[in-house]
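Chemist: I have a structure here, written as structure tokens, and I will follow up with some questions on it.
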Amino acid sequence: MERKYKLLIVDDDNHIRTTFQDYFTKRSFIVETASDGIEGLEKLRADEFDVALVEIKIPRMNGIEVVRQADKEGINTDMIILTGHGDRSDAVAAIKAHVFDWFDKHSLNMPELLASVFARTKALAEGVPPEEIKRLVSLVPG
């Protein structure tokens, strides 16, 4: 039997949360959701997730702060940032905070966005190849 990967979706937009939750659940992921940064961080502390999709602009604690705090606490979950309002400086901050990828929710239509995020999430859940780690690290300014 194939292993079920565990995903946390942290986004204050209910439509995004449910759309992503339905999409990933139909593809055999175990999915939990949170509507703000504090709730997301509490779930990360309480359970083990393979990957977390975290919106950058969420209430009570923004996505970058969630990622930084999780990293500081030694939470071993791969993180992907979702945003509809981010800019290049947010992307750099996310990468420096050990985020593995960044997706702009408005740059693609929903089917393309879901497919792209799914492919990246599945790859992270299965394990990141060393050459991908090197590529991501090379993007971070020294």
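Bear in mind these aren't lab numbers, they're just calculated from the coordinates by the rules spelled out. Nothing here was measured: the structure is a model prediction, and the numbers come from that model. We place every Cβ from the backbone using ideal geometry, glycine too, and count neighbours over all the protein chains shown.
Chemist: Give a residue-ordered list of calculated ³J(HN,Hα) values for region 103-109 (Karplus: 6.51 cos²θ - 1.76 cosθ + 1.60, θ = phi - 60°; whole Hz; x for Gly, Pro).
Modeler: With the stated coefficients, region 103-109 comes to 10, 8, 5, 9, 7, 10, 6 Hz.
Chemist: Going by average Cβ neighbours within 10 Å, how do the peptides 9-16, 106-113 rank, with the highest at the top? Please list the in-between numbers first.
Modeler: Details: 9-16: 19.1, 106-113: 11.9.
My ranking of the peptides, most packed first, is 9-16, 106-113.
Chemist: Looking at the square roots a ≥ b ≥ c of the eigenvalues of the Cα gyration tensor of region 24-70, which shape do they give, rounded for a/c under 1.5, prolate if a/b is larger than b/c, or oblate? Don't jump to the answer; show the numbers that get you there.
Modeler: Details: a/c = 2.15, a/b = 1.67, b/c = 1.29.
Prolate, because a/c is 1.5 or more and a/b exceeds b/c.
Chemist: Oh, and also: With charges only on Cβ, +1 for K and R and -1 for D and E, what is the dipole size of region 1-119 about its Cα centre, in debye, rounded to 20?
Modeler: On the way: 15 positive and 22 negative charges, 32 e Å.
Its charge dipole is roughly 160 debye.
Chemist: Using a Förster distance of 25 angstrom, determine the FRET efficiency expected from the C-beta separation of Ile30 and Leu108, and round it to 0.05.
Modeler: Numbers: r = 25 Å, r/R0 = 1.01.
It comes out at approximately 0.50.
Chemist: 5 Å is the cut-off here: which amide hydrogens, built 1.01 Å from N in the peptide plane, fall below it relative to Ala34, excluding neighbours closer than 5 in sequence?
Modeler: Residues meeting the criterion, in which the H sits 1.01 Å from N, are Ile9, Val10, Asp11.
Chemist: Counting only residues 5 or more places away or on other chains, whose amide H sits under 5 Å from the amide H of Trp102 once H atoms are built in the peptide plane?
Modeler: Amide H neighbours of Trp102: Ile81.
Chemist: Have a look at Phe49, Met79, His15 and report the one farthest towards the positive end of the charge dipole of region 1-87, computed about the Cα centre with Cβ charges (Lys/Arg +1, Asp/Glu -1).
Modeler: Highest projection toward the positive end goes to Phe49.
Chemist: Could you give the length gained on full extension between Arg45 and Ser89, defined as 0.36 nm per residue of separation minus the Cα-Cα distance, in nm?
Modeler: Values: separation 44, 0.36 × 44 = 15.84 nm, distance 2.74 nm.
Contour length minus Cα-Cα distance gives 13.1 nm.
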